[in-house]
Amino acid sequence: MKAHKFLIIGGDKRQLYLGEYLKRNYYDVKMYGFTEIESNLPVLDDISFKNNINDYDVKVFPLPFTKDGASVNASFSPYYIDIKEVLNGLNEGDIVFGGMIPSSIRKQIIDKRAVCNDYYESHSLQILNSIPTAEGIIKILIESLPITIHSMDCAIVGFGRTGKMTAACLKALNANVTVFARSRENLSQAFSTGCSTRILDSLSYEPVYFDALINTVPHQVIAEKQLKNINSGCLLIEIASSPFGIDFECARGLGFNVVKAPSLPGNVAPKSAGEIIGDTILAQLGSAGIC
């Protein structure tokens, strides 16, 4: 069986811990895009990367793969890592992993006859990722509000994996949790766990009072109409990805304190988050019979 060689290209602290996880599992691992942070693994400079990219059959990109559609998301690189240039270096049969890979980039990878895997599509990863996300939300609440979470009135918009985990953690700390969702199934699930529930559309016409509102829906659901029904002292926390669920400009114009908190796992628990990604990658390699 072929011994895979991993090249981790760009990312944040999660990818540092991902590399260490793979190394502990006896894989050859090199890093690129990490010259501005200390690493326990070999880090390639720009010249070494360009000269040796073909030596690694597994290329691992970050979550998200890109923030601007043109360069690899790389928090600790002084270099602009051009996506087209990197993908041009792919060989037929290479294995590419990344998180939230745009369809246009996925097509370029497949056109190079490489294997494309989006680890963020793993249901198990999303479930496990919701744990550091929920803990990160609790951290924000503690740091941002002058009250205890115990007896705090919290609203959660959306009841997917992250919404469920967040509700469970807040309930465990004796917060009063209200879930807003459109799906009656989700509302029933929320109610069965002891949460209060409301149809999401009710925010358009029914005044509410909360200490904090956490949005998990990745498209706009909290705009001017909804904001005018929420007390202005409510802390708004946005954890969804772009294009986001809260109208930030309108919210700030109405006097709300808005905390935009993307990539919470990487910010609050990068080691756990990186190991979750590593475990997912090895599981996907194993399920494909190529680990």
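The values are calculated or read from the model by the stated rules, or taken from the named source; none is laboratory data. Computed from a predicted structure; not experimentally measured. Cβ coordinates were reconstructed from backbone atoms using ideal geometry, including for glycine residues, and neighbour counts include every protein chain displayed.
Quick notes on this one:
- Residues of region 123-164 classified as part of a helix (DSSP H, G or I) and not charged (D, E, K, R), total: 21
- Within region 56-109, if we keep just the residues that are hydroxyl-bearing (Ser, Thr, Tyr) and not in a loop (DSSP other than H, G, I, E, B), the residue that is nearest to the chain's Cα centre (by Cα) turns out to be 66.
- Filter result for residue 15 (touching a residue at least 24 places away in the same chain (Cβ under 8 Å), under 14 Å from residue 274 (Cβ atoms) and either of a type in the set (S, T, N, Q) or in the same structural domain as residue 218 (by TED's automatic domain parsing) (or both)): yes
Results for (1) surrounded by 14 or more Cβ atoms within 10 Å (Cβ to Cβ); (2) in contact (Cβ under 8 Å) with a residue 12 or more places away in the chain, shown as yes or no for each residue.
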| position | (1), (2) |
| --- | --- |
| 6 | yes, yes |
| 24 | no, no |
| 37 | yes, yes |
| 40 | no, yes |
| 54 | no, yes |
| 70 | no, yes |
| 82 | no, yes |
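- Members of region 249-291 found to be of a type in the set (S, T, N, Q), surrounded by 20 or more Cβ atoms within 10 Å (Cβ to Cβ) and either in contact with a His (Cβ under 9 Å, 6 or more places away or on another chain) or outside any helix (DSSP H, G or I) (or both), listed by number: 263
- Per-region count, region 30-80, residues of a type in the set (Ser, Thr, Tyr) and over 27 Å from residue 285 (Cα atoms): 4
- Close pairs from region 89-103: first on the phi > 0 side of the Ramachandran plot, partner of a type in the set (D, E, K, R), Cβ under 9 Å, at least 6 apart: 93/57; 93/113; 100/118; 100/121
- Boolean, residue 53 is in a helix (DSSP H, G or I), more than 19 Å from residue 16 (Cβ to Cβ) and among the hydrophobic types (A, V, I, L, M, F, W, C): yes
- Test for residue 202: is it touching a strand residue (DSSP E or B) at 6+ places or on another chain (Cβ under 8 Å), surrounded by fewer than 19 Cβ atoms within 10 Å (Cβ to Cβ) and among the polar types (S, T, N, Q): yes
- Search result, residues across region 245-287 that are among the small types (Gly, Ala, Ser) and touching a strand residue (DSSP E or B) at 6+ places or on another chain (Cβ under 8 Å): 245, 251, 261
- Breaking point among (1) at pLDDT 95 or above; (2) part of a loop (DSSP other than H, G, I, E, B); (3) more than 20 Å from residue 273 (Cβ to Cβ), for residue 35: (1)
- Taken together, the residues in region 173-212 that are of a type in the set (Val, Ile, Thr), farther than 19 Å from residue 239 by Cα and in a strand (DSSP E or B) amount to 3.
- Scanning region 110-122 for residues that are out of contact with any helix residue (DSSP H, G or I) (no Cβ under 6 Å at 6 or more places or on another chain) and in a loop (DSSP other than H, G, I, E, B) yields 112, 113, 114.
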